[in-house]
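In what follows, a single structure is set out as structure tokens and then discussed.
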Amino acid sequence: MIKLEDIIIRTNKGKVILENINLFFPTGSVIWVDGSPGSGKTSLINLLGLVTPPMAGSYSFMGKNLKKLHRKEILQCHKEISIVFEKRKFIENFSVKENIIFPMIMNNDRIEEIEYALKELVPWLNLDNIIDESICSLSSSEIKTVQFARAIIARPRLLLIDNFFSNIESSLEKKMIYLTLALNKIGTTVVIVGKSPENSLIRYDLKYNITNKTINEVRNSS
């Protein structure tokens, strides 16, 4: 469960990006948030992903008000959240495999669990031939695939997808959607921000649009 109450997000210089944000995302829901370039979509992702804190208001994750948590408890919440970033964010001197499994290593998962997760994920996303390659040697399509694989391998409770579904081959996008929906079926809350996938398999529980620094629900839309 995600709950935002009276949230305000500002830049470092104090400019308001989003304000008066009150949202409730039920556990296991699929959410779409859209808005024009520069409207605050990535700022919302960074807030939900615990990358940046709000300047005002409260954020509750899985029933826990983050303001009331100790540092170790917040770190545990971090482990339950994954972000598919719009821009590449890798450990550049790591291989493809090392970047993909990094979240599981940080979670102290057992080697057996990591290897099993890789065995399931790598063939499905056609990563077999590049799994030991350097991140720096990949094509833009391969980069996107690795970004997605790294985000989902640890089966997060909250999956955030930031302006990701553009310039992706249709067959690859369909595989990513299947994997996203498989996570959703086991209880993962999915928030897609920006361009929606072309594939029609996704049925959103809630849709929102960012206008004039606030987020409004889009009702009765197809």
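Note: segment 1-69, Cα convex hull, 88 Å³ per residue. A simple packing score, the average count of other Cβ atoms within 10 Å per residue, orders the peptides 61-74, 203-216 as 203-216, 61-74, with the highest score first. Comparing Leu201, Leu118, Leu179 in a Gaussian network model of the chain (Cα springs below 10 Å), the most mobile by mean-square fluctuation is Leu201.
Within a straight-line Cα-Cα reach of under 14 Å, Lys87 can be paired with the following aspartates and glutamates, leaving aside sequence neighbours fewer than 8 residues apart in one chain: Glu142, Asp162. Rolling a 1.4 Å probe across the protein heavy atoms gives the chain an accessible surface of 54 Å² per residue. Projecting the Cα atoms of Asn129, Leu181, Leu69 onto the charge dipole of the chain, computed from C-beta unit charges around the Cα centre, puts Leu69 farthest toward the positive end. Projecting the Cα atoms of Pro103, Asn163, Thr145 onto the charge dipole of the chain (Cβ charges, centred on the Cα centre) puts Asn163 farthest toward the positive pole.
Charges were assigned to the Cβ only: +1 to each Lys and Arg, -1 to each Asp and Glu. The resulting dipole of segment 1-110 about its Cα centre is roughly 300 debye.
For the chain, a simple Cβ point-charge model (Lys and Arg +1, Asp and Glu -1, everything else neutral) yields a dipole of about 860 debye relative to the Cα centre.
Accessible area of segment 73-202 with a 1.4 Å probe: how many percent of it is carbon plus sulfur?
Taking all protein chains in place, segment 73-202 shows 51 percent carbon and sulfur surface.
Calculated over segment 160-222, the projected area of the Cα convex hull averaged across directions stands at 4.9 nm².
Based on DSSP H runs of at least 4 residues, each adding -39500 (n - 2.57), what is the mean residue ellipticity at 222 nm of the chain after dividing by all its residues, to the nearest 500 deg cm²/dmol? -10000 deg cm²/dmol, from helical runs alone. Peptide packing for 9-21, 77-89 was compared via the average number of neighbouring C-beta atoms within 10 Å per residue; ordered from the highest value, the list is 77-89, 9-21. One entry in [x] 0.93; [y] 1.12; [z] 1.01 is Cα Rg over 2.2 N^0.38 Å calculated from the shown coordinates; its label is [z]. Pairs from the list Lys89/Lys175; Lys3/Lys144; Lys3/Lys207; Lys97/Lys195; Lys3/Lys64 with a Cα-Cα gap above 20 Å: Lys89/Lys175; Lys3/Lys144; Lys97/Lys195.
Mind pulling up the Rg/Rh value for segment 85-167? Radius of gyration and Kirkwood radius, both on Cα.
0.93
For segment 94-222, the relative contact order is 23 percent, taking Cα pairs closer than 8 Å that sit 6 or more residues apart in sequence and dividing their mean separation by the residue count. Please determine, in degrees from 0 to 90 and to the nearest 10, the orientation of helix 170-185 with respect to the longest principal axis defined by the Cα atoms of the chain, where the helix direction is its Cα long axis. Between helix and principal axis, roughly 70 degrees.
Using a cutoff of 8 angstrom between alpha carbon atoms and counting only pairs six or more residues apart, the relative contact order for the chain works out to 31 percent. Helix 140-152 and the long axis of the chain differ in direction by around 70°, with both axes built from C-alpha atoms.
Multiplying the sequence separation of Arg110 and Glu133 by 0.36 nm and subtracting their Cα-Cα distance, what value in nm do you get?
5.9 nm
The values are calculated or read from the model by the stated rules, or taken from the named source; none is laboratory data. All values derive from a computational prediction rather than experimental measurement. Note: ideal-geometry Cβ built from the backbone for every residue, glycine included; neighbour counts use all protein chains shown. When the accessible area is computed, the model is the full protein with side chains, heavy atoms only, and any ligands, DNA or RNA have been set aside. Shrake-Rupley method; radii C 1.70, N 1.55, O 1.52, S 1.80 Å.
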